[in-house]
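**Q** I'd like to ask some things about the structure below.
We did not get these values from a lab; they are worked out from the coordinates using the rules stated. No experiment lies behind these values; they were computed from the predicted model shown. So basically every Cβ, Gly included, is an ideal-geometry build from the backbone, and we count neighbours across all protein chains shown.
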Amino acid sequence: MARRKFAGDAATPAEDNSGARLPGVTGTVWDGLGKDARQVTDLQDATGNPIKNLTADARGMVPEFRGPDNDVFRLWVDFGPGRIAIEANDTPDKLQEHAKGTDPHGDRAYADQRLQGYAQLAGGNRAESSGVPWLQVEGDVTGTRPVLQVTGKGNGSAVFQVSEGGDAAVKNLAVHGNVNADGDLRCGNLATQGTVTARNVGNARMFSGPKPPENPSPGDVWVQYG
């Protein structure tokens, strides 16, 4: 906690009911207006010396003092006519300090902590992964409900979908390596330079062109064109 600064400005004179200044008068400090309000005696003067009451200066102004060590920003002072609320005079300084702070709300540190170990941008839209999944969904391994889905704009039809059970459905698929699926693989066009393994396909290699592959194996697929 911290002690806020009060008074010491033109807005905090010690006055009577008629508005006349009261030089040298002693006043008390309170934490509220109601009957349950308590007098505040944990105070300090501007240099940090402990005080229990306030004393107006020769001009009838209340010198600057520090409030209790609980960061309270509003107190009530009474120099005889009754309690008057005063606000901490260091609020503009606190606001400026807050605005210039590196992480005044702690949200940056929180975000860094939450994202620690996840993918780091390496320039452009390329990310380098540390091995921690970017997105992980736990579902029924035999379920058919989609956990990841991309739909066509305007028509809502799924062009890419992965179910709880690991089944993948994609409109067109092109990869440079192997295609391995624990569940079913359903797609329109499939192009790959490696092997294809899926529950509903088995081991297969994909070939395309005007001539069949020279050394085909059982399960290979050849798409003829030209």
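**Q** If I take every Cα pair under 8 Å that is 6 or more residues apart in the chain, average their sequence separation and divide by the length, what percent do I get for the relative contact order?
**A** Taking the mean separation of contacting Cα pairs over the length of the chain, I get 12 percent.
**Q** Among all the lysines, which ones have a C-alpha under 25 Å from Lys35's C-alpha, if same-chain residues fewer than 8 places away are not counted?
**A** Qualifying lysines at Cα under 25 Å: Lys52.
**Q** Let me ask something additional. List, in order, the whole-Hz ³J(HN,Hα) value for each residue of the stretch 38-45 obtained from phi through the Karplus relation with A = 6.51, B = -1.76, C = 1.60 and θ = phi - 60°; use x for Gly and Pro.
**A** The phi angles translate into 10, 6, 9, 10, 7, 10, 9, 7 Hz.
**Q** Check the straight Cα-Cα distances from Lys94 and name the lysines below 22 Å, setting aside those fewer than 8 residues away within the same chain.
**A** Partners within reach: Lys5.
**Q** Let me ask something additional. Calculated from DSSP H runs of 4 or more alone, at -39500 (n - 2.57) each and per residue, what is the 222 nm mean residue ellipticity of the chain, nearest 500?
**A** -2500 deg cm²/dmol, from helical runs alone.
**Q** P(r) of the stretch 1-118 in 10 Å steps, Cα pairs, percent per bin?
**A** 13, 38, 25, 12, 8, 4, 1
**Q** Using θ = phi - 60° and the Karplus relation 6.51 cos²θ - 1.76 cosθ + 1.60, list the HN-Hα couplings for the stretch 148-158 in order, rounded to whole Hz, with x at every Gly or Pro.
**A** 9, 8, 10, 10, x, 5, x, 10, x, 6, 6
**Q** Test of understanding: given the chain, find the longest segment containing no chymotrypsin sites (Phe, Trp or Tyr not before Pro) that are in a DSSP loop and have at most 16 other Cβ atoms within 10 Å.
**A** 135-224
**Q** Considering all alpha-carbon pairs of the chain, what whole percent are spaced by more than 31 angstrom?
**A** Of all Cα-Cα distances in the chain, 58 percent exceed 31 Å.
**Q** Amide H of Gly32 versus every other amide H placed in the peptide plane: which residues, excluding those fewer than 5 positions away on the same chain, fall under 5 Å?
**A** For Gly32, whose amide H was placed from the backbone, the distant partners under 5 Å are Arg38, Trp76.
**Q** In whole angstrom, how far apart do the alpha carbon centroids of the stretch 1-19 and the stretch 29-79 sit?
**A** Centre-to-centre (Cα) distance: 9 Å.
**Q** Which angle between 0 and 90 degrees, to the nearest 10, do you get for helix 91-100 versus the longest principal axis of the chain when only C-alpha atoms count?
**A** Helix 91-100 and the main axis of the chain meet at about 20 degrees.
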